[in-house]
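Report on the structure given below.
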Amino acid sequence: MSDIKYPHLFSPITLAGTVFRNRIFASPTGTAYMSSQHYPIQETFAYYERKAIGGAASVCVGDAVVCSKHGRFNNGHIVLDDPGGASALSRLADSISRHGAVASIELSHSGSHAHSSAREGNQLYGPMEYTTAAGFHVEAMNDDKIYEIVDQFAKAALAAKRSGFGMVTVHGGHGWLLTEFMSPVSNRRTDKWGGSPENRCRFAVEVCKAIRKAVGPNFPIEMRISGSECHPSGYDIDEGVEIAKQLDGHLDLIHVSAGSHEIWDVFTVTHPDMFLPDGANVRFAAEIKKHVKTAVATVGALADPELMEEIIASGQADVVELARGLIADPDLPLKARTGRSDEINGCMRCLTCFSNHMSKGQFICAINPVIGREIENNWIVQPAVKKQVLIAGGGIGGMQAALTAAERGHEVILCEKTGELGGALNCEHDVPFKKHLTEYLRRQERKLRAAGVDIRLNTEVTKEYAESIAPDVIIAALGSRPIVPGIPGIDGANVVGAEEVYLDPEKAGKRVVILGGGLVGTELAAYLAGLGREVEIVEMAPAMGDGGNMLHGLAIRLELARKNVKVNLSVKALEINEKGLVGEGPDGKQLFEADTVVYAAGQSPLRSEAEELRFAAPEFYQIGDCLTPKNIADATNLAYNTARDIGRF
């Protein structure tokens, strides 16, 4: 008999007569690919199918609206009230269920946040009449409108069932329509739809009843709620318990999330950032489970099988739901079950995926170059010609290129001039909120060794060294070096670079001024403030930089505010003296007093070093920071695809 390490996590659960093969559900993530008619397309099928292949018990398709006219937050929603989409929905459900996972779809109505609907001239609806910050008028719903939407939820659920979905997930959290009615903050009605918890939850209960009548008894109904809204003006867990108690018995799974994605101050609680602990929101599900008989699911910052097993075994929840965890590694369930947990590509919670989805309408992952490109990676095509590949540089890009080239069957030599793989990011190995990055670097190293890559540490690749090997291909992944600002006093005894401070925080005194408000500087500020330093940031631009990752930038700003880090924008540094940094900004010239000034002014690519290798092999590729300093996602994706292209002839 196999020794399963996580017996509770991989025990089945039965909901409304449906058997789920384990306790790991893929929670709803929005669809990134859509036709002009809001139908799912081939890329949509492949994205969700990949999670089912990886072993999740259920895969939920997110952001499907029950009312296309009044309920759309954005143009990325699947519409469930258009019969023309039935064929595409059936194909979507089949792409999930044919791999043994239960296909689910999220039934949503954005309520007063249906911005796309409003921009098209349609009326917004909510529990109360008001005017939004964008100037849209929200009409308070009367009984007829409420029951009309109840009926829309039921019809959408029936359409999903007829299309082959085996479960529906009702979105009753995060600030959208049903939450607006549940919350005493947004619902101040005095009729049967407001006041007591029973009245405020009546709308959601009526939705569940109508869905049950439409789909019958043997069809699971899940509802996502916010266990707590997690902000001062919202409700807390006590109210969350009361909401759950009203729903108890009317559905099959209470999916307990937290916060509101309509309140920026808690957006990164709803979608936990790297500054929060693993399983940050489990406590809400655990408290609710004490008060209800219905099965309970938890979600948020979950990717560690040990933690998930403990959650199920201890009775804190019956199901664990993963979103980003299965984006970073769709095979997480299968790897955990087969004793390969150390190979799981653990989510770093950098929010690259969500930011890119919001800004560009597609999913990418900083450490999984396949996500969002499932179709082109469905079949492994071995290269026509096996080649010897020399990779110069063992950072993020170099390691990914070496791993991909080795997996493709090439002979790979990876050289790193220092004594450790990981590149410049090794300096952050003691930063608490970067622990998952450190785990990733060490995991990549293990994979390289297992793949048989010839790793040569303390080896600098010069032109002469490369010519002595005579490889078929050279990939230059040499990285970059910190820019030292050319201002008076930069060579003073009280001045140090960010990388040095990461390696040895004792080099920073009690009062620290960081010159540079990009990701390096702002993350360092959060780290030093957490160590008890008094920190100020001085940035020449009118806004802090986020490296193209808007949600991580939001998380950093919130963390800096929590840690009382003062940020000075539009300030040009003039000089550094023994008292600190002198700068000139909106308030004129001023001294920013500091014991230590730390510069974090960007990176300079090692292009000349790369250029030396350009003609030392028949094929040459330049990737990562030595080409253009960007971010982990860009380095990973360019490295993966560069290595994948090698050997076509």
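The values are calculated or read from the model by the stated rules, or taken from the named source; none is laboratory data. The structure presented is a predicted model; accordingly, all values stated were derived computationally and were not measured. Backbone-built Cβ (ideal geometry, glycine too); neighbour counts: all protein chains shown. What goes into the accessible areas is simple: the full protein's heavy atoms, side chains included, and nothing from ligands, DNA or RNA. Shrake-Rupley method; radii C 1.70, N 1.55, O 1.52, S 1.80 Å.
Here are a few things to note about the model shown:
- Qualifying positions in segment 48-86 - assigned to a helix (DSSP H, G or I) and modelled with pLDDT of 95 or more: 48, 49, 50, 51, 52, 53
- Among the residues examined, residue 234 does not qualify as out of contact with any helix residue (DSSP H, G or I) (no Cβ under 6 Å at 6 or more places or on another chain) and modelled with pLDDT of 95 or more.
- All of (1) out of contact with any Gly (no Cβ under 9 Å at 6 or more places or on another chain); (2) surrounded by fewer than 20 Cβ atoms within 10 Å (Cβ to Cβ); (3) under 28 Å from residue 154 (Cβ atoms) hold for residue 297 with one exception: (2).
- For segment 307-320, the set of residues classified as in contact with a Phe, Trp or Tyr (Cβ under 7 Å, 6 or more places away or on another chain), within 19 Å of residue 222 (Cα to Cα) and surrounded by fewer than 23 Cβ atoms within 10 Å (Cβ to Cβ) is empty.
- In this structure, residue 266 does not satisfy being open to solvent by less than 10 Å² (accessible area, probe 1.4 Å), touching a residue at least 60 places away in the same chain (Cβ under 8 Å) and not in a loop (DSSP other than H, G, I, E, B).
- When every residue of segment 159-181 is checked against the conditions, none turns out to be among the acidic types (Asp, Glu) and loosely packed, with under 14 Cβ neighbours inside 10 Å.
- Where strands (runs of 3 or more DSSP E) fall entirely within segment 528-615, those with at least 3 residues that are surrounded by fewer than 16 Cβ atoms within 10 Å (Cβ to Cβ) are at 572-577, 588-593.
- Hits in segment 121-144 - residues which are open to solvent by 40 Å² or more (accessible area, probe 1.4 Å) and among the polar types (S, T, N, Q): 123, 131, 142
- Scanning segment 478-507 for residues that are aliphatic (A, V, I, L, M), under 32 Å from the mean Cα position of the chain (by Cα) and farther than 19 Å from residue 556 by Cα turns up 478, 483, 503.
- Summed over segment 475-524, the residues that are under 30 Å from residue 639 (Cα atoms), out of contact with any Cys (no Cβ under 7 Å at 6 or more places or on another chain), part of a helix (DSSP H, G or I) and not polar (S, T, N, Q) give a count of 8.
- Any hit, segment 71-85, residues being buried (at least 21 other Cβ atoms within 10 Å of the Cβ) and farther than 26 Å from residue 371 by Cα: yes
- Yes/no for residue 304 being open to solvent by 10 Å² or more (accessible area, probe 1.4 Å) and at pLDDT 95 or above: yes
Here's the yes/no breakdown for (1) more than 30 Å from residue 304 (Cα to Cα); (2) modelled with pLDDT of 95 or more; (3) surrounded by 14 or more Cβ atoms within 10 Å (Cβ to Cβ); (4) in contact with a Lys or Arg (Cβ under 8 Å, 6 or more places away or on another chain):
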{"position": "446", "(1), (2), (3), (4)": "no, yes, no, no"}
{"position": "451", "(1), (2), (3), (4)": "no, yes, yes, no"}
{"position": "459", "(1), (2), (3), (4)": "yes, yes, yes, yes"}
{"position": "464", "(1), (2), (3), (4)": "yes, yes, no, no"}
{"position": "467", "(1), (2), (3), (4)": "yes, yes, no, no"}
{"position": "487", "(1), (2), (3), (4)": "yes, yes, yes, no"}
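- Scanning segment 425-456 for residues that are assigned to a loop (DSSP other than H, G, I, E, B) and either in contact with an Asp or Glu (Cβ under 8 Å, 6 or more places away or on another chain) or acidic (Asp, Glu) (or both) turns up 430, 431, 451.
- Here residue 292 does not qualify as modelled with pLDDT of 95 or more, under 26 Å from residue 221 (Cβ atoms) and open to solvent by less than 10 Å² (accessible area, probe 1.4 Å).
- Residue within segment 290-303 that is of a type outside the set (Val, Ile, Thr), in contact (Cβ under 8 Å) with a residue 40 or more places away in the chain, touching a Lys or Arg at 6+ places or on another chain (Cβ under 6 Å) and closer than 19 Å to residue 241 by Cβ present: yes
- Only residues that are among the β-branched types (Val, Ile, Thr), closer than 20 Å to residue 375 by Cα and in contact with a helix residue (DSSP H, G or I) (Cβ under 8 Å, 6 or more places away or on another chain) were counted across segment 1-58, and they come to 4.
- Residue count for segment 444-469 under the criterion of being in contact (Cβ under 8 Å) with a residue 24 or more places away in the chain and within 17 Å of residue 405 (Cα to Cα): the result is 11.
- Restricting attention to segment 391-424 and to residues that are in a loop (DSSP other than H, G, I, E, B) and under 24 Å from the mean Cα position of the chain (by Cα), the residue that is surrounded by the most Cβ atoms within 10 Å (Cβ to Cβ) turns out to be 395.
- Consider segment 217-228 and keep the residues that are part of a loop (DSSP other than H, G, I, E, B) and open to solvent by less than 20 Å² (accessible area, probe 1.4 Å). The one that is farthest from residue 322 (Cα to Cα) is 219.
- Every residue from segment 501-517 that is of a type outside the set (A, V, I, L, M), in contact with a helix residue (DSSP H, G or I) (Cβ under 6 Å, 6 or more places away or on another chain) and surrounded by fewer than 20 Cβ atoms within 10 Å (Cβ to Cβ): 507
- Candidate set from segment 229-248 (those that are farther than 17 Å from residue 170 by Cα and not in a loop (DSSP other than H, G, I, E, B)); member that is most open to solvent (accessible area, probe 1.4 Å): 238
- Failed condition for residue 87, given (1) without any contact (Cβ under 8 Å) to a residue 24 or more places away in the chain; (2) under 23 Å from the mean Cα position of the chain (by Cα): (2)
- Residue list for segment 90-120, restricted to those being assigned to a helix (DSSP H, G or I), crowded, with 22+ Cβ neighbours inside 10 Å and touching a Gly at 6+ places or on another chain (Cβ under 8 Å): 93, 111, 112, 113, 117
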